[in-house]
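One structure is given here, and the rest of the page talks about it.
The values are calculated or read from the model by the stated rules, or taken from the named source; none is laboratory data. Please read all numbers here as calculations on a predicted model, not as lab measurements. We place every Cβ from the backbone using ideal geometry, glycine too, and count neighbours over all the protein chains shown. Ligands, DNA and RNA are stripped out before the accessible areas are found, and what is left, the full protein with its side chains, is counted by its heavy atoms. Shrake-Rupley method; radii C 1.70, N 1.55, O 1.52, S 1.80 Å.
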Amino acid sequence: MSIETIVQAQREYFATGATLPVTLRKEALIRLQAEIRRREDILCKAMRQDLNKSHYESYMCEIGLVLDELGHTIRKMEKWARPKRAATPLAQFSARSYMMKEPYGLTLVMAPWNYPFLLSMDPVIGAIAAGNCVVLKPSAYAPATSRAMAELIAAVFDPRWVAVVEGGRKENSALLDQKFDYIFFTGGVTVGKLVMEKASQHLTPVTLELGGKSPVIVDETADIPLTARRLAFGKVLNAGQTCVAPDYLLVQRSVKDKLVEELKKQFIKMLGEDPLHNQDFVRIINRKHFERLQGLLADETLLYGGQTRADEVSGWVAPTLVDACDPEHCKPMQEEIFGPILPVIPYDTLEEAIAFVNARPKPLALYLFTKSKHAREQVLRRCSYGGGCVNDTIIHLATHEMPFGGVGNSGMGGYHGKFSFDTFSHTKSIVDKACWIDLPLRYFPYTSKLYDKMVHLFLR
């Protein structure tokens with residue numbers, strides 16, 4: 001079917017009210033849950049083909065998180081969908097006030113390639129739970145996973161309810177020319193601006209999950225071996241191709257050398273002496289991005305790593321530490337890296353580190369390693385960013401109980417758990433007024449009202 005046909009069919013289907021019963025939405029998500037479990041090997045093989053992800057990493061970081069989100073949503077969605085009582089002002093006596101959740105209607109979810117299954121299915125789950133129809137557009141950079149998801153969705157849903165549109169820029173452009181009732185986009189800032197511009201033509205609300213240069217701040221009180229282990233994990237996961245990956249390291253000068261040495265040990269412990277031939281190390285998504293990363297390393301002073309290996313598709317970049325003592329002239333500091341490269345910048349005072357972060361666009365994540373209560377309070381209060389961790393990396397996004405999202409250049413809106421349900425729902429405020437009493441004070445004519453009589457009574 002053409003994109004126009006898909007959109008029109010979904011709009012007509014939504015108008016019938018078929019997606020409104022909460023029990024039917026729940027049953028659909030239960031079917032989706034079962035089908036994902038049945039196709040686990042197929043999905044893992046697809047992600048191995050696209051990114052060389054191991055079965056373990058594909059399950060831990062994508063399939064397992066999606067199943068967890070599904071289970072939580074299935075258990076909670078009936079409660080989320082119930083009307084919520086609100087207090088009624090005395091002036092509106094006698095009435096009952098409440099808020100109802102309603103689906104927007106036809107929604108578009110545009111997903112990236114780096115976590116092709118997780119970042120497609122998580123928002124789709126929220127959109128379905130809220131009662132919407134959904135068009136999912138996976139990234140063309142992960143074609144095997146895109147195909148696997150299209151087959152998965154087709155096995156569970158009527159395409160009038162949920163459909164997958166595969167393809168590249170042509171399909172992206174055609175979709176953005178359609179009128180949707182909500183758009184959820186995950187990707188880069190440049191395309192995010194285009195999505196927002198296109199959405200504005202129809203006054204369509206959007207959620208933008210973007211990225212940016214997420215900093216790590218390590219002070220001299222930090223547990224350096226533990227910091228190195230958790231920081232290395234965040235950087236090598238998915239070969240650094242993570243929107244919340246540590247993008248640059250601000251480390252107090254007194255512990256810089258010690259941390260660098262510990263990071264080297266952790267990289268070797270995780271990936272071996274020859275990471276480029278580690279069968280579980282994720283590949284850079286394509287040749288374009290591989291060559292971009294090679295360019296970022298050209299003529300830079302390296303503290304560790306820097307090796308690369310190409311194959312017929314793309315290639316691998318070893319975990320690399322870059323000396324960024326002069327950050328304004330360090331190439332990896334000029335753009336979001338999206339690879340296993342970590343610039344290292346020494347600082348002397350916490351004030352200096354905070355000023356460095358705040359002088360740049362607001363990042364999607366920030367990670368602070370410290371044992372100091374003062375440092376924790378200063379950074380958390382004074383630095384603006386989407387979310388993050390104290391004494392860890394990445395894990396803040398793996399919870400249903402907090403929204404995940406950006407601020408400023410790193411995005412707008414949030415999702416996960418109930419926050420996904422709320423993102424894809426409009427909240428209607430309703431006052432249900434009684435008929436047995438009708439006070440005359442609000443009606444015309446406004447002369448000789450009780451107010452005037454009271455004024456005359458007390459001022460006489």
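Going by what's in this entry, would Asn172 be described as open to solvent by 40 Å² or more (accessible area, probe 1.4 Å), touching a residue at least 40 places away in the same chain (Cβ under 8 Å), of a type in the set (S, T, N, Q) and in contact with a strand residue (DSSP E or B) (Cβ under 7 Å, 6 or more places away or on another chain)? Before you say what the answer is, go through the steps one by one.
Working: open to solvent by 40 Å² or more (accessible area, probe 1.4 Å): yes; touching a residue at least 40 places away in the same chain (Cβ under 8 Å): yes; of a type in the set (S, T, N, Q): yes; in contact with a strand residue (DSSP E or B) (Cβ under 7 Å, 6 or more places away or on another chain): yes.
Judged against the criteria, Asn172 is a match.
Just to be sure before I move on: is Val195 touching a strand residue (DSSP E or B) at 6+ places or on another chain (Cβ under 9 Å) and free of Cβ contacts under 8 Å to residues at least 24 places away in the same chain in the structure I sent?
No, not satisfied.
Quick check on my filter: what residues within the range 112-138 are part of a loop (DSSP other than H, G, I, E, B) and open to solvent by less than 10 Å² (accessible area, probe 1.4 Å)?
Asn114, Pro116, Phe117, Ala130, Gly131, Asn132, Pro138
Of all helices (runs of 4 or more DSSP H) completely enclosed by the range 177-292, which ones contain at least 2 residues that are open to solvent by 40 Å² or more (accessible area, probe 1.4 Å) and touching a Leu at 6+ places or on another chain (Cβ under 7 Å)? Spell out the reasoning first.
Numbers: elements: 189-200, 224-236, 256-271.
Filter on the range 177-292 gives 189-200.
Suppose we filter Glu336, Glu328, Glu352, Glu300 for residues that are touching a residue at least 40 places away in the same chain (Cβ under 8 Å), of a type in the set (Asp, Glu) and surrounded by fewer than 22 Cβ atoms within 10 Å (Cβ to Cβ); which single one remains?
Glu336
Scan the range 198-221 for residues that are farther than 30 Å from Cys389 by Cβ and in contact (Cβ under 8 Å) with a residue 12 or more places away in the chain and report the count. Write out each step before concluding.
Step one: filter the range 198-221 for residues farther than 30 Å from Cys389 by Cβ, giving 198-204.
From what's left, in contact (Cβ under 8 Å) with a residue 12 or more places away in the chain: 198-199, 202, 204.
Residues flagged as farther than 30 Å from Cys389 by Cβ and in contact (Cβ under 8 Å) with a residue 12 or more places away in the chain within the range 198-221 amount to 4.
Return yes when Val260 is under 27 Å from the mean Cα position of the chain (by Cα) and among the β-branched types (Val, Ile, Thr) and no when it is not.
Judged against the criteria, Val260 is not a match.
With respect to the numbered conditions (1) modelled with pLDDT of 95 or more; (2) under 23 Å from Arg230 (Cβ atoms); (3) in contact with a His (Cβ under 6 Å, 6 or more places away or on another chain), which one is the sole condition not fulfilled by Gly417?
Gly417 satisfies all of (1) modelled with pLDDT of 95 or more; (2) under 23 Å from Arg230 (Cβ atoms); (3) in contact with a His (Cβ under 6 Å, 6 or more places away or on another chain) except (2).
Inspect the range 303-318 for any residue being among the hydroxyl-bearing types (Ser, Thr, Tyr), open to solvent by 20 Å² or more (accessible area, probe 1.4 Å) and in contact (Cβ under 8 Å) with a residue 60 or more places away in the chain and give the result as yes or no.
no
For the range 355-374, which positions are open to solvent by less than 10 Å² (accessible area, probe 1.4 Å) and either under 22 Å from Asp257 (Cβ atoms) or not hydrophobic (A, V, I, L, M, F, W, C) (or both)?
Of all residues in the range 355-374, those open to solvent by less than 10 Å² (accessible area, probe 1.4 Å) come to 357, 363-370.
Correct list: Pro363, Tyr367, Leu368, Phe369, Thr370.
How many of the residues in the range 52-68 are open to solvent by 20 Å² or more (accessible area, probe 1.4 Å), within 21 Å of Trp316 (Cα to Cα) and of a type outside the set (Ser, Thr, Tyr)?
3
Select, from Thr107, Thr145, the only residue that is assigned to a helix (DSSP H, G or I), open to solvent by less than 20 Å² (accessible area, probe 1.4 Å) and either under 28 Å from Ala398 (Cβ atoms) or among the charged types (D, E, K, R) (or both).
Values: Thr107 fails: assigned to a helix (DSSP H, G or I).
Residue meeting the stated conditions: Thr145.
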